[in-house]
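Note sheet for the following structure.
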There are 2 protein chains.
Amino acid sequence: MINKLVEEIQKKNAPIVVGLDPMLSYIPEHIIKKAFDEYGETLEGAAEAVWQYNKGIVDAAYDLIPAVKPQIAMYEQFGIEGLKAFKKTIDYCKEKGLVVIGDIKRGDIGTTSAAYATGHLGKVQVGNKKYSLFDEDFVTVNPYLGTDGIKPFIDVCKEEKKGIFVLVKTSNKSSGEFQDRIIDGRPLYEIVGEYVAQWGEEHMGDTYSYVGAVVGATYPEMGKVLRKIMPKSFILVPGYGAQGGKAEDLKPYFNEDGLGAIVNSSRGIIAAYKQEKYSSFGGANYADASRQAVVDMIADINGAIGR
Amino acid sequence: MINKLVEEIQKKNAPIVVGLDPMLSYIPEHIIKKAFDEYGETLEGAAEAVWQYNKGIVDAAYDLIPAVKPQIAMYEQFGIEGLKAFKKTIDYCKEKGLVVIGDIKRGDIGTTSAAYATGHLGKVQVGNKKYSLFDEDFVTVNPYLGTDGIKPFIDVCKEEKKGIFVLVKTSNKSSGEFQDRIIDGRPLYEIVGEYVAQWGEEHMGDTYSYVGAVVGATYPEMGKVLRKIMPKSFILVPGYGAQGGKAEDLKPYFNEDGLGAIVNSSRGIIAAYKQEKYSSFGGANYADASRQAVVDMIADINGAIGR
């Protein structure tokens, strides 16, 4: 799957991923109205609106992008119905040939991490049968519990030829409270980065590892150091756009082959029609606004990294 | 809810919580057979078996225990159907008067953490209506992203009078890889503990805070230090029993009032009938074996802490 991700990035010349993180407040009135007319102001209605909204964006932009990153929290907030929309979104994106990165930030120990890995990347055994569950291609994983928490994911990834992105340095302001603390002269995130590089050696694709890292766009100096510490790990870069990360800061996240990073934008793409720049599209054409925002983002990033 | 937890612990004289972490391999043959006869070897069948197994244990032991801790990963591994069983288990345990600690170890930033908090502790707004979702009383939260990740949970907890347990020092072997690293002369888990104490000041119950901590039973020396750093935080203690933690090691996790900690056992209780000690119960009476294991655990812990 890391090979497919690399191929798709090259084919589409687009080292980006669209974060499908829907909030009801982003969804245009006509979609909300239709869903509520059909299902009422219910959880089913909300989930239907989320799904139709996602579908519109995917239909409008799938030919331009290699991957999507649905943020499960945005679905989990609607309970079971929301999670059905999460699953529907994953299945649809895969039908459209997209690589799906489930932004789930799970992490536990031993059999518990194994259960998460099964639920999101693997297959569960029931009697003599096996079932796929959410079935993302990659998921994000939290490293706080150490190797015990990561290893069960890697085991499932090996079976399924899938991958993970481990949180190393997150894009938020308070990420430094623990991640930047100095240990033997180096910040914690560097030490986590070293573990990612080691874990990655266990499960290599053709040129990159199936074990990648999350490093926020908002910390380019740190991105530069981490790029060197984890030369074979793909870096998933959140924080571009709405969170303040700029294209000119992104060069250090890439390797000399022009690969090695994939930049995420969520709100900046999916709610593009709400920005002044794209307001002429209006809510009715929100998906076209998202497509235009994808085109602009690709140009912005390729320009800045000299691709 | 922290007040209710304290009251229930006192009333039942049992500072323990039963981890409802079902694996199909734990479930007695007669339950599996009935569920598969009805639903086939399907995800629905697996979820039904999990639910019936949980129900049996809860029915047998609810009068002895203050709380349960379902581990969501064990349900998530069966996808949507598993999560329905998770929700059914929560609702049933609340009907039985139990405090429900959702072991979800979520954690993200800003609106994303807010979405998790909504999905598990709060209510989501859909049009003019509000809905409860999974509706646990407490959840566990991962601190790696810092205050940005924790604050949205505390905000929802304030509205709902609910609480969280933040991972500080986990019970697993590799927890030390990051959690024990020395920063300014002190291990990271102590620094996280200090944040927990601070976060906890923002949302106090009568005697304890709504912001608790997870500290593994397998590290009693660290438990002793953390007890002092977070005097008003309840400590959720995993790792007793199957993971190797012993009752005599648990005293330092408690305050002088005999409160301040709640010790979890999962496999040791729910799969008690598989242990030699309780094997005479047999699979048919697995729930009675679980009840006896609860009685023994309470005596073991109360004896050791001199309660």
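We did not get these values from a lab; they are worked out from the coordinates using the rules stated. None of these values were measured; they are calculated from a predicted model. With ideal geometry, Cβ positions are generated from the backbone for all residues, glycine too; neighbour counts draw on all protein chains shown.
Do me a favour and compute the ellipsoid semi-axes for region B:85-191 from its Cα gyration tensor, root of five times each eigenvalue, largest one first, whole Å. Before the final figure, lay out each step's value.
Numbers: eigenvalues 169, 58, 21 Å².
Each semi-axis is √(5λ); the values are 29, 17, 10 Å.
Remind me, relative contact order of region A:100-149 in percent, using alpha carbon pairs under 8 angstrom and six or more residues apart?
Working: 77 pairs, mean separation 24.7, N = 50.
The normalised contact order for region A:100-149 reaches 49 percent.
On average, how many beta carbons from a partner chain sit within 10 Å of the beta carbon of a residue in B:4-15?
Values: counts 0, 0, 0, 0, 0, 0, 0, 0, 0, 0, 0, 0.
Partner Cβ neighbours, averaged per residue: 0.
So what is the relative contact order of chain B, in percent, for Cα pairs below 8 Å that sit 6 or more residues apart? Walk me through the numbers before you get to the answer.
Working: 600 pairs, mean separation 55.8, N = 307.
Once divided by the residue count of chain B, the mean separation gives 18 percent.
Can you pull the mean other chain C-beta count within 10 Å for peptide A:111-120?
Values: counts 8, 10, 3, 2, 11, 6, 2, 6, 10, 4.
Mean shielding count: 6.
Along the Cα→Cβ direction, 7 angstrom out, place labels at A:SER279 and A:SER25. What is the inter-label distance in nm?
1.8 nm
Is there a pair in B:LYS4/B:LYS69; A:LYS277/B:LYS129; A:LYS4/A:LYS87; B:LYS161/B:LYS232; A:LYS105/A:LYS232 whose C-alpha atoms are over 25 Å apart, and which pairs would that be? Write out the running numbers ahead of the final one.
Details: B:LYS4/B:LYS69 15 Å; A:LYS277/B:LYS129 33 Å; A:LYS4/A:LYS87 21 Å; B:LYS161/B:LYS232 16 Å; A:LYS105/A:LYS232 21 Å.
Beyond 25 Å: A:LYS277/B:LYS129.
From the Cα gyration tensor of region B:2-305, with a ≥ b ≥ c the square roots of its eigenvalues, which class applies: rounded if a/c is under 1.5, or else prolate if a/b is larger than b/c, or else oblate? Present the calculation step by step, with values, prior to reporting the outcome.
Numbers: a/c = 1.72, a/b = 1.22, b/c = 1.41.
Since a/c reaches 1.5 but b/c is at least a/b, the shape of region B:2-305 is classed as oblate.
Find the centroid of the Cα atoms in region B:271-286 and in region A:22-77, then give the distance between the two in whole Å.
Taking the Cα centre of each part, region B:271-286 and region A:22-77 sit 48 Å apart.
Please compute the length gained on full extension between A:GLU256 and A:LYS34, using 0.36 nm multiplied by the number of residues separating them and subtracting their Cα-Cα distance. Walk me through the numbers on the way to the answer.
Details: separation 222, 0.36 × 222 = 79.92 nm, distance 4.84 nm.
That works out to 75.1 nm of additional length.
What's the long-distance tail for the protein assembly as shown, i.e. % of Cα pairs beyond 47 Å?
Details: 21723 of 188191 pairs.
Here the long-distance tail beyond 47 Å is 12 percent of all Cα pairs in the protein assembly as shown.
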